[in-house]
Amino acid sequence: MRKKQFKAESKKLLDMMINSIYTHKEIFLRELISNASDAIDKRYYRSLQTDTEGLARDDYKILISVDKDARLLTIEDNGCGMTEQELETNLGTIAKSGSLDFKTDNDTKTDVEIIGQFGVGFYSAFMVSDEVTVKTRTAESEQGFEWVSNGADGYTVAECDKESVGTVITLHIKEDTEEESYSEFLQQYRIESLVKKYSDYIRYPIIMDVETRKLKEGTEDEYESVIEPKQLNSMVPLWRKNKNEITDEEYKDFYMDKFHDYTAPLHIIHSKTEGQVSYDALIFIPEKAPWDYYTKDFEKGLQLYSNGVMIMEKCADLLPDYFSFVKGLVDSADLSLNISREVLQHDYQLKLIAKNIEKKIKSELSKMLKTDRDKYVKFFEAFGSQIKLGVYADFGRHADELKDLLMFYSSSEKKLVTLSEYVGRMKEEQTSIMYACGETRDKIDMLPQVDACKERGYEVLYLTEGIDEFAIKMLRTYAEKDFVNVCADNVDLGTDEEKESIKQENESSKDMLDYMKLALSGAVESVRFTNKLKNHPVCLTSEGEVSVEMEKVLNSIPNEEKVHAHIILEINSDHPVAAKLKELYENDKDKLTDYTKILYSAARLIGGMTVENPTELSNLICSLMI
Ligand code: ADP
């Protein structure tokens with residue numbers, strides 16, 4: 001039989017598994033048991049939906065058996081099984097979602113991180129075994145199939161006899177080496193304790209033939225060894241237990257196993273709700289976004305259970321888009337078991353649950369912000385952009401509830417601050433919340449306009465994400481203060497006298513400024529003098545609704561109509577360059593044209609924009625040198 005090769009990425013991952021430095025080899029059992037349980041869920045759910053003759057709920061089980069001499073550990077389930085095609089796609093490819101960046105030579109990611117990205121899954125079996133055999137059959141066919149692999153060099157699939165529907169996975173446990181012991185995974189007590197530790201909540205009985213010593217019948221003090229089946233798990237789902245009976249470790253393991261994360265959750269919300277609708281919810285806020293979070297494959301949703309039986313893997317209706325990073329599950333006795341997706345969408349109970357959950361997550365986040373700032377900042381760094389999206393989405397419908405969860409980097413505090421903190425320390429004469437946009441904090445910090453605000457003692461919020469300014473525009477005001485972009489023309493700095501004097505300066509230089517505008521052939525709305533810049537010669541400001549930053553963001557969206565910010569070139573009236581320009585207007589207009597172009601290009605670069613004609617700029621600068 002021809003051996004098939006694993007897909008390239010899979011091969012690398014397998015290599016890593018086989019030679020793993022992964023310290024928790026023992027989790028392989030949890031992974032295989034979880035798969036078995038999922039497979040039973042699927043079969044049970046299908047039988048409910050199609051009314052086909054499935055097994056009774058009590059007949060479903062997971063069997064574990066050990067053959068110490070042959071070094072075999074077997075995990076058997078009577079779940080949905082796999083077709084030949086499914087065997088290929090599920091076990092022949094690891095990276096089902098296409099192109100994944102695997103470890104390159106100079107990559108600093110550790111094996112654990114990479115393995116973790118996939119949910120350790122079925123392949124963890126190779127951490128403890130040198131040959132894995134999977135025999136499986138679905139309810140739709142009489143024919144069974146056998147998948148065999150000894151690791152990275154490939155696998156075979158062949159027809160086999162299999163009497164019952166389900167899957168049997170047999171691991172040939174590796175021989176012990178000097179550094180590593182594997183035989184422990186053939187010990188009855190070790191398996192018992194692993195099941196207890198990781199899989200106690202599995203809702204189907206996990207049964208193993210266990211050797212116990214019993215009083216010999218008819219005697220009073222003679223014992224004998226008997227082997228009899230024993231159920232190893234308590235089957236109480238974690239979320240049904242009382243909070244005080246659950247350790248942090250249990251929550252963490254449950255989360256990492258069920259939601260395939262390799263880092264512990266940042267925050268756990270476990271709640272029981274009784275009332276109009278009753279349900280248990282176990283909700284996790286991850287510490288980091290999952291690797292596929294920003295791909296189109298990512299699906300939001302919570303698992304939905306009806307009385308302990310999973311009815312949907314990802315119920316999207318339970319989470320608003322801006323909480324799409326949240327993982328978890330909801331279990332309610334008030335939902336019908338064989339409810340279809342379509343009906344569920346309109347289900348009143350479900351809507352109520354979704355609303356409660358949304359409220360709960362919000363209130364937990366506000367609480368975190370108040371009581372554990374560091375943790376909240378960690379959260380915000382990972383998922384703050386979602387909160388901002390939430391403020392912006394649906395025409396600002398949720399803006400009010402979310403605005404106090406926002407944070408922005410502050411020029412004076414040099415850390416993330418909330419809007420309420422900002423407003424709380426605004427200067428007496430300050431009327432607006434000031435912000436500036438740019439690619440990075442450093443770049444914003446260098447903006448002439450920001451410098452001018454800082455000099456005057458104003459705090460400026462630095463907006464570095466594309467969504468930021470849109471979210472702020474959606475808010476319009478916070479605590480009755482409006483927001484101003486310090487790079488916009490309506491920013492109100494300086495005294496009335498200063499304003500009056502610059503007005504006069506602009507009026508008296510009107511002809512020259514108009515000449516300069518013409519020299520830029522329509523690139524700017526106007527050219528004018530300013531006294532708000534302290535040390536810098538020029539800057540660009542924008543007038544009207546669209547700021548320079550918004551122009552960048554909007555124009556980067558394909559197929560959107562292009563927009564243009566109305567740009568004004570501002571020149572520092574106190575800078576020597578201003579005097580020079582005036583002099584050129586009198587004596588050398590051609591040179592004034594060239595200088596204007598250079599100043600405009602410089603201002604564009606400072607504002608984080610590209611120069612429209614770099615060759616012309618280069619020629620102009622060179623002409624100054626010769
Ligand atoms: P995951 O469980 O995260 O999807 P795995 O690598 O553990 O990844 O398993 C890959 C797939 O193989 C599963 O999604 C499932 O479709 C299938 N599979 C694994 N074990 C079983 C089993 N015991 N019965 C049926 N299907 C299984």
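The values are calculated or read from the model by the stated rules, or taken from the named source; none is laboratory data. In this text the structure is predicted, and so the values were computed from the model without any measurement. Neighbour counts run over all protein chains shown; Cβ positions are idealised from the backbone, glycine included. SASA here: full protein model, heavy atoms, side chains in, ligands and nucleic acids out. Shrake-Rupley method; radii C 1.70, N 1.55, O 1.52, S 1.80 Å.
If I model a spin label as a point 7 Å beyond the Cα along the Cα-Cβ vector, how far apart are those points for S234 and D442 in nm?
5.4
Give me, ordered by chain and number, the residues 5 or more places off C315 or on other chains with an amide H under 5 Å from its own placed amide H.
L302, Q303, L304
Tally Lys and Arg at +1 and Asp and Glu at -1 over the other residues with C-beta under 15 Å from the C-beta of F259: what net charge comes out?
Spelling it out: positives minus negatives among the neighbours equals -3.
In segment 487-626, what percentage of the DSSP-assigned beta bridges are antiparallel, given to the nearest 5?
That works out to approximately 50 percent antiparallel.
Counting Lys and Arg as +1 and Asp and Glu as -1, each charge on the Cβ, what is the dipole of segment 238-371 about the Cα centre in debye, to the nearest 20? All intermediate terms of the calculation are to be shown ahead of the outcome.
On the way: 19 positive and 22 negative charges, 99 e Å.
Dipole magnitude for segment 238-371 comes out near 480 debye.
Give the relative contact order (percent, whole number) for segment 277-396; include only Cα pairs under 8 Å separated by 6+ residues.
Across segment 277-396, relative contact order equals 28 percent.
Counting Lys +1, Arg +1, Asp -1, Glu -1, what net charge surrounds K196 among other residues with beta carbon under 13 Å of its beta carbon?
It works out to a net charge of -2.
Rounded to the nearest 500, what is the 222 nm mean residue ellipticity of the chain from helices alone, with -39500 (n - 2.57) per DSSP H run of 4+ residues and division by all residues?
Calculated at 222 nm, the ellipticity per residue is -11500 deg cm²/dmol.
Please work out the ratio of the alpha-carbon Rg of segment 350-491 to 2.2 N^0.38 Å and round it to two decimals.
1.07
In square angstrom, what is the accessible area per residue of the chain with a 1.4 angstrom probe? Display every interim value, and only then the final one.
Numbers: 31340 Å² over 626 residues.
I get 50 Å² per residue for this part.
Enter the accessible area of H267 (Å², nearest 10), with the probe set to 1.4 Å and all protein chains included.
Probe radius 1.4 Å; accessible area of H267 about 30 Å².
In whole angstrom, note down how far apart the Cα centers of segment 249-271 and segment 485-538 are.
Their Cα centres are 57 Å away from one another.
For an R0 of 45 angstrom, estimate the FRET efficiency from the Cβ-Cβ distance between D58 and S183 and round to the nearest 0.05.
Working from the Cβ atoms, E equals 0.85.
Please identify the GluC sites (Glu not before Pro) of segment 423-505 that satisfy two criteria: DSSP loop assignment and at most 14 other Cβ atoms within 10 Å. Which are they?
Taking segment 423-505 and a limit of 14 other Cβ atoms within 10 Å, the loop GluC sites (Glu not before Pro) found are E428, E429, E439, E480.
Viscosity 1.306 mPa s, temperature 10 °C: what is the translational diffusion coefficient of the chain from Stokes-Einstein with a Kirkwood Rh over Cα pairs, rounded to a whole number of µm²/s?
Once the numbers are plugged in, D ends up at 54 µm²/s.
First select every other residue whose beta carbon is under 9 angstrom from the beta carbon of S65; then total the charges, Lys and Arg +1, Asp and Glu -1.
Every neighbour counted, the sum reads -3.
Suppose R0 equals 45 Å. What FRET efficiency, 1/(1 + (r/R0)^6) with r the Cβ-Cβ distance, do E505 and E421 give to the nearest 0.05?
0.75
Determine ³J(HN,Hα), in whole Hz, for all residues of segment 80-89 in sequence, where each value follows from phi through the Karplus function 6.51 cos²θ - 1.76 cosθ + 1.60 and θ = phi - 60°; x replaces Gly and Pro.
6, x, 9, 7, 4, 4, 5, 4, 5, 6
Which entries in K288/K378; K68/K196; K196/K241; K42/K230; K42/K351 show an alpha-carbon gap greater than 19 Å?
K68/K196; K42/K230; K42/K351
Compute the distance in nm between two label points, each set 7 Å from the Cα along the Cα-to-Cβ direction, one at D574 and one at T156.
About 8.6 nm, to one decimal.
For E545 and K197, what is the calculated FRET efficiency with R₀ set at 56 Å and r taken between the beta-carbons, to the nearest 0.05?
E between E545 and K197, to the nearest 0.05, is 0.45.
How many angstrom lie between the C-alpha centres of segment 173-199 and segment 588-615?
Using only Cα atoms to place each centre, the spacing works out to 71 Å.
Exactly which trypsin sites (Lys or Arg not before Pro) in segment 525-582 are in a DSSP loop and have at most 13 other Cβ atoms within 10 Å?
K562
Could you check how much of the accessible area of the chain is carbon and sulfur, as a whole percent, using a 1.4 Å probe?
So the carbon and sulfur contribution to the accessible surface is 47 percent.
Of K197/K360; K388/K481; K359/K443, which ones are farther than 26 Å apart at the Cα?
K197/K360; K359/K443
Can you tell which of L493, P576, L533 lies farthest toward the positive end of the dipole of segment 487-626, using +1 and -1 charges on the Cβ of basic and acidic side chains (Lys, Arg; Asp, Glu)?
P576
Normalised by the residues of segment 456-549, what does the relative contact order come to in percent, with Cα pairs under 8 Å and at least six apart?
This gives 29 percent for segment 456-549.
On a full-extension model of 0.36 nm per residue, what is the gain between D590 and E222, subtracting their alpha-carbon distance, rounded to one decimal in nm?
121.0 nm
Would you mind checking the radius of gyration and Dmax of segment 487-626 based on alpha-carbon positions, in Å?
For segment 487-626, the Cα-based Rg and Dmax read 15.6, 48 Å.
Please give the helix 373-396 orientation as an angle from the longest Cα principal axis of the chain, in degrees from 0 to 90, rounded to the nearest 10.
70
If you plug each phi of segment 610-616 into the Karplus form 6.51 cos²θ - 1.76 cosθ + 1.60 with θ = phi - 60°, what whole-Hz ³J(HN,Hα) values come out, in order, with x for Gly and Pro?
8, 8, 5, 10, x, 5, 4
Taking Rh as the Kirkwood radius computed over C-alpha pairs, what is the Stokes-Einstein D of segment 238-371 at 10 °C in a medium of viscosity 1.306 mPa s, expressed in µm² per second?
Working: Rh = 15.3 Å.
So the translational diffusion coefficient is about 104 µm²/s.
Apply the Karplus parameterisation 6.51 cos²θ - 1.76 cosθ + 1.60, with θ equal to phi minus 60°, to every residue of segment 172-185 and state each ³J(HN,Hα) to the nearest whole Hz, in sequence, with x for glycine and proline.
The phi angles translate into 8, 6, 4, 6, 5, 10, 5, 8, 10, 10, 10, 4, 4, 7 Hz.
Restricting attention to segment 207-242, which GluC sites (Glu not before Pro) occupy a DSSP loop and are surrounded by at most 11 other Cβ atoms within 10 Å?
Values: sites: E211, E217, E220, E222, E224; in loops: E217, E220, E222.
Here the sparse-neighbourhood loop sites are E217, E220, E222.
With the crude spin-label approximation of a point 7 Å out along Cα→Cβ, what separation in nm comes out for S366 versus S65?
5.9
Could you work out the relative contact order of the chain, using alpha carbon pairs under 8 angstrom and six or more residues apart, expressed as a whole percent? Before the final figure, lay out the partial values.
On the way: 1037 pairs, mean separation 50.1, N = 626.
Reported as a whole number, the value is 8 percent.
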